Each structure stands twice: as structure tokens, then as C-alpha cells.
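A short write-up of the structure that comes next.
Rule-based calculations on the coordinates, nothing more; no lab input. Remember, it's a predicted structure, so these values are computed and weren't measured experimentally. Cβ atoms come from the backbone with ideal geometry, glycine included; neighbour counts cover every protein chain shown.
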Amino acid sequence: MIKLTKYYPYEWIESPFVIDYGALYAMGVRGLIFDIDNTLVPHGAPCSSAVVELFARLHRLGFATLLLSNNSKTRVECFNTDLNAHIIYDAGKPSPQSVYKALDMMQLLPGQVVLIGDQIFTDICAANRATIPSILVRYIGHEKCEWKGFRRYLETLVLLTYKLRKKYQNRLFSVES
Ligand SMILES: [Mg+2]
């Protein structure tokens, strides 16, 4: 039987822009690893002012940030121009190797870092393999592109099972907060 729990995030939150980062800091989190495409902007879209503001706020709060992308060097470097984050491109997620490298670059321990991404088969699986908590965010698409790939349907099915298994949900923030 396939073990679906390896695809389960610690939290499922609408958008990276509404996560309670202050609460994460208060619980000892010091590093944030972000996927780029469909997590912070639509696939291939340039960095937005909202993302620049978010990263500036995170740095003011005291977080180290890192962009972890399976996309190319050019894409990731260009996206980081105004962000001043650490970067890892061609990350090969869901391999956990790039997550270990991210911890190294930020000089942080697994318990001090959270990964934020839109895909359970790459982002969330890589985080689980590296034993770090993760937050799944809703896929940001291009407005006119409603086509969903086969993988997105599989994802929906796995997330249906996640929704039924309460003990895997809200593992970072309590439901009351
Ligand atoms: Mg993505």
C-alpha cells in the first residue's frame, strides 16, 4: 500500500501572504524555505512587489529566507534580484538533498525551519523526507489558464485523504489560534 502520509503537509493555508510568521518566529522558527512557481507567483511570472514586501518583512522579523526551486539558475537568480534570499536552483525536489543543503546554507537545524510550497509530490514530500515541517499553499495560477494537469488531480485525491485525517492537520498552529 502506498504511504500517503509522506505527502501530508503540517498545515494547509490559503496563501504565503496570510501565514502568521510572527507565530512561527515565536515557536522558534528562524528559517523559511519557499518554492517560487505557483507558490509566490504564477509559473514563470516575474517577482512581484507583494513578494518583495513579504521578504523585507520576514527579514525584519529576523528570519533567514531561501528560494528552493527545481527551475533554472537564470529563473531563480532573476527572481531573487530584489529579495536578498539564499537560493538553490535545479533543486531536484522531492529529493531531500537540497533541503539539507538549505539547512546548511542558513546554518539552521531541522526544527528551526519551515518549507512553504504548492505541490505535495515535490515540495511537501521533500520536506517530509528531510523531516522538516511544511505548509502547503494554494496553487497560484495564471488567470486564463484553467487547465489542470493529471498530477493536480492526483494531488486533489491525496488531499481528500488528508482532510479526513485530523491528526496530520494543524501541526504547527493550533486550531483555536
Ligand atoms: Mg511550485
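To keep it simple, each residue is scored yes or no on (1) more than 20 Å from residue 172 (Cα to Cα); (2) not β-branched (Val, Ile, Thr).
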position: 2; (1), (2): yes, no
position: 23; (1), (2): no, yes
position: 36; (1), (2): yes, no
position: 55; (1), (2): yes, yes
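In the range 39-55, how many residues are more than 11 Å from residue 67 (Cβ to Cβ) and touching a helix residue (DSSP H, G or I) at 6+ places or on another chain (Cβ under 7 Å)? Residues meeting the conditions: 1. Counting only residues that are farther than 21 Å from residue 18 by Cα and in contact (Cβ under 8 Å) with a residue 12 or more places away in the chain, the range 108-141 holds 11 of them. Look at (1) part of a helix (DSSP H, G or I); (2) out of contact with any helix residue (DSSP H, G or I) (no Cβ under 6 Å at 6 or more places or on another chain) and you find that residue 140 fails only one, number (1).
Has the range 95-117 got at least one residue that is within 14 Å of the ligand (Cβ to nearest atom) and in a loop (DSSP other than H, G, I, E, B)? The answer is no, given that none of the residues of the range 95-117 is within 14 Å of the ligand (Cβ to nearest atom) and in a loop (DSSP other than H, G, I, E, B).
Considering the range 18-43 alone, what residues qualify as being of a type in the set (A, V, I, L, M, F, W, C), surrounded by 15 or more Cβ atoms within 10 Å (Cβ to Cβ) and over 11 Å from the mean Cα position of the chain (by Cα)? Within the range 18-43, 19, 24, 29, 41 meet the criteria. Scanning the range 118-135 for residues that are outside any helix (DSSP H, G or I) and out of contact with any strand residue (DSSP E or B) (no Cβ under 7 Å at 6 or more places or on another chain) yields a count of 3.
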